[in-house]
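Take a look at the structure set out below.
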Amino acid sequence: MRSTARVWQNWWMQLVAGLLMTVVIVLPWLWIGKDDSAIFPHASNDMLGLLVVFSVLTLLSAYFVRRMGRGVTKFAVMTDLGVVLALLGFVLQGLYAFNPQIFSGKISASSEHQLWVVGSIFVVCQVLYYLIAKLPLLAAVPLVALLTTAISYWLQIIASLIGAVGEYAAYLSYAGPVVLGLVLGSLGFLRAANLLIWLLALAIQWIMPAVFTALAGLGSSKKAGFGAGLESFTDQVASNLSFSGLQGPSLATLAVAMLSSVVLLIVHKVKRRSH
């Protein structure tokens, strides 16, 4: 692991890592967009896809920085630069596919909407990326919980491309809760503050599917003003919340969190005795 970590200490490898992570996350849309030639999801017809791409990419890149770069700012910046360069290429390709005259100075209303939506999501995810990469784990966990739902969506999108969504959809929906459970397990439960964060993360996880659905509907709308959009968003979140969807994901998260936390405690004790 140490030799692998050394490889990523070169600035150009951090740049390459950002590029590769972005390509991997966007790769499913190479097939999804084959009919309209746009690789990157477009807000007008795939707002949920945009949210999923940015969310999963933010989580993956932040984890990479925490794991391989120990949260060092220079490491985070160079990795982010690779991500930004790749995103810029994908966004420009998508804009050109929907509006070939854009580089001639003729921008359509649809392209303006896409730029506004992508820019807004990008700014929010940049803030989340640096916070997750730099903050202590206790403070970063609630932010991670905001994004883990997208992991389930991303895997379900891949399953739909290979025709297996009906068979595996129920199982893939637990991917996000399992990831959150692993993060909570790393945090541990021996302190009262950690248990409070566990409860907060579970609450956030329950709300986020409704938030993603509401944001997808809001981002696809071009006419709603801020006030009407905010009202529509809150109404959709409230209508999509379901207590029936709380039990399964929460139990999966808690089971994985408890198991991984106990395993880590045992490993730490064994290491201490060996030393």
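The values are calculated or read from the model by the stated rules, or taken from the named source; none is laboratory data. Computed from a predicted model, the values in this text were never measured in an experiment. Quick reminder, even Gly has a Cβ in these numbers, built from the backbone with ideal geometry, and neighbours come from all protein chains shown. In case anyone asks, the SASA skips ligands and DNA or RNA and just uses the protein heavy atoms, side chains included. Shrake-Rupley method; radii C 1.70, N 1.55, O 1.52, S 1.80 Å.
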Query raised in the report: Would a scan of the range 228-243 turn up a residue that is touching a Leu at 6+ places or on another chain (Cβ under 8 Å), open to solvent by less than 40 Å² (accessible area, probe 1.4 Å), modelled with pLDDT of 80 or more and of a type outside the set (S, T, N, Q)?
Result: no
Query raised in the report: Does SER152 satisfy the condition of being open to solvent by 40 Å² or more (accessible area, probe 1.4 Å) and among the hydroxyl-bearing types (Ser, Thr, Tyr)?
Result: no
Report task. Among the numbered conditions (1) at pLDDT 90 or above; (2) surrounded by fewer than 22 Cβ atoms within 10 Å (Cβ to Cβ), tell me where ILE32 comes up short. Result -> (1)
Requested in this report: Could you list, in sequence order, all residues of the range 129-141 that are assigned to a helix (DSSP H, G or I) and either among the polar types (S, T, N, Q) or open to solvent by 20 Å² or more (accessible area, probe 1.4 Å) (or both)?
Outcome: TYR130, LEU131, LYS134, LEU137, LEU138, ALA139
**Report entry** Test: residue in the range 207-216 that is of a type outside the set (Phe, Trp, Tyr), modelled with pLDDT under 85 and open to solvent by 60 Å² or more (accessible area, probe 1.4 Å)
**Finding:** no
Requested in this report: Sort out which residues of the range 27-45 are under 23 Å from GLY217 (Cβ atoms) and part of a helix (DSSP H, G or I), and write them in order of number.
Outcome: PRO28, TRP29, ILE32
Report summary line: Reported set for the range 187-213 where residues are among the aliphatic types (A, V, I, L, M) and closer than 18 Å to LEU147 by Cβ is LEU187, ILE197, LEU200, ALA201, LEU202, ALA203, ILE204, ILE207, MET208, ALA210, VAL211
Query - Evaluation of PHE98 against (1) over 26 Å from ALA175 (Cβ atoms); (2) within 14 Å of the chain's Cα centre (by Cα) (one fails), failing number - result: (2)
Report summary line: Given (1) in contact (Cβ under 8 Å) with a residue 60 or more places away in the chain; (2) closer than 15 Å to LEU50 by Cα; (3) of a type in the set (Ser, Thr, Tyr), SER152 misses just (1)
Query raised in the report: Under 8 Å by Cβ, and 6 or more places apart or on different chains, what pairs join a residue from the range 10-27 that is closer than 20 Å to PHE40 by Cβ with one that is assigned to a helix (DSSP H, G or I) and among the charged types (D, E, K, R)?
Result: GLY18/ASP80
Report task. Would you confirm whether any residue within the range 156-166 is assigned to a helix (DSSP H, G or I), of a type in the set (Gly, Ala, Ser), more than 28 Å from GLN93 (Cβ to Cβ) and free of Cβ contacts under 8 Å to residues at least 40 places away in the same chain? Result -> yes
Report summary line: Expected single match for on the phi < 0 side of the Ramachandran plot and modelled with pLDDT of 95 or more among LYS106, LYS134 is LYS134
Query - Hits in the range 244-268 - residues which are modelled with pLDDT of 85 or more and more than 23 Å from the chain's Cα centre (by Cα) - result: MET258, LEU259, SER261, VAL262, VAL263, LEU264, LEU265, ILE266, VAL267, HIS268
Query - Among the residues listed as MET21, MET78, MET1, the single one being more than 17 Å from TYR130 (Cα to Cα) and either modelled with pLDDT under 90 or crowded, with 16+ Cβ neighbours inside 10 Å (or both) - result: MET1
Query raised in the report: What is the one condition in (1) in a helix (DSSP H, G or I); (2) within 19 Å of the chain's Cα centre (by Cα); (3) farther than 30 Å from LEU137 by Cα that ARG67 does not satisfy?
Result: (3)
Query raised in the report: Only one of LEU48, LEU15, LEU95, LEU59 is modelled with pLDDT under 95, closer than 28 Å to ALA133 by Cα and assigned to a helix (DSSP H, G or I); which?
Result: LEU48
